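Heads up: the structure comes next, in structure tokens.
Please treat every number below as a calculation from the coordinates, not as lab data. Note that the structure is predicted; figures quoted are calculated from it, not measured. We place every Cβ from the backbone using ideal geometry, glycine too, and count neighbours over all the protein chains shown.
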Amino acid sequence: MATRLIVSVVQDEDVEDLTRALRKEGFSSTKIGSTGGFLRRGNSTFLIGLDEELVPAALEVIRASCHQRTQLVNPALFMEPEGFMTDFIEVQVGGAVVFVLGVEQMLRV
Ligand code: 2BA
């Protein structure tokens, strides 16, 4: 059976629910603190190693635990120093951004 690695970027607000749900469904996971390149805010990245056939079930757990949210962002964050704007803009974030990678070997040594 082929091994896969799910790499999933998750909003911090969803971390507790996702951690609990993954454990309840029998998935091992590692959470790494991360920062989004666009908003430059903290988020969390989950690593989940699993058999290929279990990927759909894990994606369902992620889908059920991670929600879309609207964040207000000061556009000055993206402008050159001389730029000036006062109105905040809305950015939709999440549910989760998911990458499914092939894994050559998974070892415990
Ligand atoms: P951020 O890079 O902080 O992006 C937060 C949200 O800002 C994104 O939500 C998206 O709605 C918006 N956004 C990102 N880049 C944009 C751009 N160039 N123009 C306009 N809006 C933009 P999500 O798509 O749900 O992404 C959430 C987080 O997932 C991202 O946080 C980043 O940490 C990660 N991510 C998303 N796509 C990725 C990718 N292709 N590779 C690596 N990480 C990614």
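Checked against (1) in contact with an Asp or Glu (Cβ under 6 Å, 6 or more places away or on another chain); (2) under 15 Å from F99 (Cβ atoms), T70 passes all but condition (2).
Residues that are in contact with a strand residue (DSSP E or B) (Cβ under 6 Å, 6 or more places away or on another chain) and of a type in the set (V, I, T) within the stretch 36-62 comprise T45, I48, V55, I62, listed in sequence order. Of all residues in the stretch 2-26, those satisfying the criterion of being hydrophobic (A, V, I, L, M, F, W, C) and more than 11 Å from the ligand (Cβ to nearest atom) are A2, L5, I6, V15, L18, A21, L22.
Only one entry of S28, S8 meets the criterion of being loosely packed, with under 14 Cβ neighbours inside 10 Å and touching a strand residue (DSSP E or B) at 6+ places or on another chain (Cβ under 9 Å), and that entry is S28.
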